[in-house]
Amino acid sequence: MIVEALAFYMFAFIAVAAGVLVISSKNPVHSVLFLILAFFNAAGLFVLMGAEFLAMILVVVYVGAVAVLFMFVVMMLDINFTQMRSGFLQYLPLGALIGLILLAEMVVVAGGWQSISAGAQMAKAVAPIAEGTTNTHALGGLIYTHNVYLFQAAGMILLVAMIGAIVLTHRRRDGVKKQRIADQNARGTDTVETRKVEVGKGI
Amino acid sequence: MVEAWNSWIWPTVWIVIKILVIVVPILLSVAYLTLAERKVIGAMQLRKGPNIVGPFGLFQPLADGAKLFLKEMIIPSGANPGVFILAPCVTFALALIAWAVIPFGEGLVLADINVGILYLFAVSSLGVYGILMAGWASNSRYAFLGALRSAAQMVSYEVSMGFVIITVLLCVGSLNLSAIVEAQRGMWFVFPLFPMAVIFFISTLAETNRHPFDLPEAEAELVAGYNVEYSGMAFALFFLGEYANMILMSGMTTVLFLGGWLPPLDIEPLNWIPGPIWFAAKIAFCLFIFIWVRATFPRYRYDQLMRLGWKVFLPLSLFAVAVVAGALLAFGWLPTPVAG
């Protein structure tokens, strides 16, 4: 029990500290690295709660893919750090306000979930996992069997977003050389001639 | 005191012993994999390969190791020292922690977790960070270009690897690696899922930055790619990490498609041989193909590499997921009944 508590406080403390360092470190690449550290510790917290599937998905998706792209972009940016830092304190009140609003809303949501009777019933309905099933099976049943239409709707929205992103960023540029693979593969042997060259003769 | 020993100290000591029993053979295998690579490529090119140090050149890896260990580690003045030193450590550590879930035999596994294959997939997808950090922290054009190439390449091939893993998981019904091996008792998955096995193996070549996809270190264009600024032990850690990753990917191929520790046929003389030996033999077979490919194929051009990943493997593996799922459902071969 005490080991679990210690592990929880370790993960939680490192996650929060890494979160603070994300916004306070001077170098954006260091920020991304601290963000990755925060993701890792969140995954550790998931494992402590017994949600190992979510923990692994968090690492695969956020650390393995999303943060790589972040890092990719941030590394290539050529930013003047001191100039970027100059307005930092100016935005502090606004940021603090937004943070406070978010905190208040989360408290209201969590409190409402606990206190309202319907909410308490719903919490009871989703929470327990039948004995002997792994949480991968439980999640699968929940998403693909019981809430399949919501899942499909989310998929559709993501598809539209993806197509939108491609349409917005894809430009046709002139003067770009491209290889037509089909043409390349369709080339017969008539375009190439092989000759046996005798030593010292030349062609 | 006795209670503390039983409940705290002894388990800790025991797990450290188990970790050492896994890690030391892996490091030895890495050392001798480098020798095997040079010997095999030598044989394929009608050369002898290293044969001076010790009998048949068997002490060559030790000599190489001692050389790297004694060399000075230089940190370039323009480099970012913290990240520069962290990068090889990350690469090496990631190459080793993945072995925690690999089953070497029946019940012979350090951590038999429910989501073993996801853990492996996660760890292998993290390998890109060591390279990205090295490339960025070196503050060198060549290293940076190598790192960017590597990041794009690994992210691209992970996608098709993920789909191939899904086809295997559909046939098993579990994410546990021991369960995946047990499910192949009747037939190894390489036979029914042969195209998937081929795609998976080619993707592992790209994931480990090996030939013919070794563009991150393409020495003709980028000197040595992401590790050009590294010397001494830091370089050695990259090297060890890369080769440990090769062995790990071979182990993953073995577990997913070649039946892990199971003998080819469950008959008398074959099943006398213990599981870990079968497992090692299959890994050695995969590693031989890794080296064979290196000795045979020219390097891919970068746009061809991306085309292969996104326009060939991704649609093929996505299609295969649909076909495998459909076949399992249509013929009632699903491993677990569909939940109501």
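Where does each of B:141, B:38, B:149, A:171 land when they are ordered by accessible area, with a 1.4 Å probe and the largest first?
Working: B:141 195, B:38 105, B:149 55, A:171 165 Å².
Sorted descending by solvent-accessible area, the residues read B:141, A:171, B:38, B:149.
In the context of the full set of protein chains, residues of chain B present 46 Å² of accessible surface per residue (probe radius 1.4 Å, heavy atoms only).
How big a patch of accessible area, both sides summed and in Å² to the nearest 100, lies buried between B and A at a 1.4 Å probe? Could the numbers behind the result be given before it?
On the way: alone 16960 and 17190 Å², together 31760 Å².
It comes to approximately 2400 Å² buried between B and A.
The alpha carbon centroids of segment B:283-334 and segment B:152-168 are separated by 9 Å.
So with the 1.4 Å probe, I'd like the accessible area per residue for segment A:129-174, rounded to whole Å². Write down the numbers at each step before the final one.
Working: 4120 Å² over 46 residues.
For segment A:129-174, the per-residue accessible area is 90 Å².
Contact-buried residues of segment A:131-172, at a threshold of 20 Å² lost accessible area versus the chain by itself: A:134, A:136, A:137, A:145 (1.4 Å probe; DNA, RNA and ligands ignored). Remark: segment B:187-340 carries a charge dipole of roughly 340 debye about the Cα centre, counting +1 on each Lys and Arg Cβ and -1 on each Asp and Glu Cβ. Computed with a 1.4 Å probe on the full set of protein chains, the accessible area for residue B:18 sits at about 70 Å². Taking all protein chains together and rolling a 1.4 Å probe, residue B:211 ends up with roughly 30 Å² accessible.
For chain B, a simple Cβ point-charge model (Lys and Arg +1, Asp and Glu -1, everything else neutral) yields a dipole of about 740 debye relative to the Cα centre.
Rounded to the nearest 500, the helix-only mean residue ellipticity at 222 nm of chain B stands at -21000 deg cm²/dmol, with each DSSP H run of n ≥ 4 adding -39,500 (n - 2.57). In the complete set of protein chains, residue-level accessible area for residue B:123 is approximately 10 Å², probe 1.4 angstrom. When the solvent-accessible area of segment A:129-174 is split by element, carbon and sulfur atoms take up 68 percent of it, the probe being 1.4 Å. Taking every alpha-carbon pair under 8 Å whose residues sit at least 6 apart, chain B reaches a relative contact order of 22 percent. Element breakdown for chain B at a 1.4 angstrom probe: carbon and sulfur atoms account for 73% of the accessible area. When only the Cβ of Lys, Arg, Asp and Glu is charged (+1, +1, -1, -1), the dipole of the protein assembly as shown relative to its Cα centre reaches about 1640 debye.
A simple spin-label model places pseudo-atoms 7 Å from Cα toward Cβ; at residue A:7 and residue A:170 they are separated by 4.6 nm.
Take A:156, B:252, A:49 and sort them by solvent-accessible surface of the protein heavy atoms, 1.4 Å probe, largest at the top. Could the numbers behind the result be given before it?
Numbers: A:156 115, B:252 0, A:49 145 Å².
Per-residue accessible area, sorted high to low, gives A:49, A:156, B:252.
In this simple spin-label model, placing a label point 7 Å from the Cα along the Cα-to-Cβ direction at both residue B:16 and residue B:53 gives a separation of 3.1 nm.
Between residue A:157 and residue B:41, the FRET efficiency estimated from the beta carbon spacing at R0 = 56 angstrom works out to 0.65.
In summary, the helical segments of chain B meeting the span-like criteria, namely a full DSSP H run, a Cα extent along the axis of 30 angstrom or more and a mean Kyte-Doolittle hydropathy of at least 1.0, are B:10-44, B:116-137, B:141-172, B:232-257, B:275-296.
If the limit is 29 Å between Cα atoms, which of A:177/B:311; A:201/B:39; A:178/A:201; B:71/B:282 go over it? All intermediate terms of the calculation are to be shown ahead of the outcome.
Details: A:177/B:311 18 Å; A:201/B:39 38 Å; A:178/A:201 39 Å; B:71/B:282 36 Å.
The pairs that break the limit, which is 29 Å between Cα atoms, are A:201/B:39; A:178/A:201; B:71/B:282.
Peptide A:56-68 has a mean of 6 when you count, residue by residue, the C-beta atoms of other protein chains within 10 Å of its C-beta.
The values are calculated or read from the model by the stated rules, or taken from the named source; none is laboratory data. Small disclaimer: the values here were computed from a predicted structure and weren't measured. Because the Cβ atoms are built from the backbone with ideal geometry, glycine has one as well, and the counts that use them run over all protein chains shown. These accessible areas exclude ligands, DNA and RNA; they are computed on the full protein's heavy atoms, side chains included. Shrake-Rupley method; radii C 1.70, N 1.55, O 1.52, S 1.80 Å.
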